[in-house]
Amino acid sequence: MKDYKPILEKFFKNQLSSSEFETLLINLKKIIKKTFKRLFDEHVKNLFVKYYGSDYLEALSQELLLRLLHQKNVILNLAFVHENYLNSVIKNLIYYHLSSGFKLIEKEINFEDLFLNIDPEEQENLKLETTLPKVIVDYLENLSLTHTIEILKVRLTPKEIETLCWYVLTHIYKEKIEYKVNKNVLYKRWERLKPKLGKILGNENYEKTLSFKLFELIKSELCKEFYYKK
């Protein structure tokens, strides 16, 4: 029987390497998948696919880590963390979403809402930003950026993506790009696009707050077919 306490203890103390963290995620996804297969029918799994998308295991493993983090003191007092313990936490997480009708997901997940039965005084003192290990902060940031790219792919038209790429490549990366479209037309398109981007990204001052990582993803994921280098 595998004891998950040692790796969880390292996770709580922010001592996991990137490869160890990836291994932990892979194991958690396997356990989540087994929990669905053992305790729920195909209809329940399909509901999670509907609301989370095909990467529902990725999303649930993320939520599971946050729940485990909140249960840190309980887990550290256990002599052995069996897979059955993780199954129980996963089962409660699945039931939670089913009983809520997936309302949290529809309104964008607020991770603090995932912690059930917390004493109000304890909840008041809970500060996620100071308790999350760096490895999961980086993971959540990358997950959020990837999600943003997927939203842009869906919400923007090909012309809008071309305009976004023009702005990122010429104004952020200072690349000399030869476009088939007149520059004046691109400037006008950009001015029309800015309010829409502000709504999608949820920040009117997004130009000042977008991270370099997101620009890198926009360049690599969206811009390959929309520009032509001299």
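State whether one or more residues within the range 31-52 are in contact (Cβ under 8 Å) with a residue 60 or more places away in the chain, crowded, with 16+ Cβ neighbours inside 10 Å and under 30 Å from ILE151 (Cα atoms). Among the residues of the range 31-52, not one is in contact (Cβ under 8 Å) with a residue 60 or more places away in the chain, crowded, with 16+ Cβ neighbours inside 10 Å and under 30 Å from ILE151 (Cα atoms), which makes the answer no. Of all the residues in the range 4-37, those that are among the small types (Gly, Ala, Ser) and within 19 Å of the chain's Cα centre (by Cα) number 2. The single residue among PHE48, PHE21 that is under 19 Å from ASP138 (Cβ atoms), among the hydrophobic types (A, V, I, L, M, F, W, C) and assigned to a helix (DSSP H, G or I) turns out to be PHE21.
We did not get these values from a lab; they are worked out from the coordinates using the rules stated. None of the values given here were measured: they were computed from a predicted structure. Backbone-built Cβ (ideal geometry, glycine too); neighbour counts: all protein chains shown.
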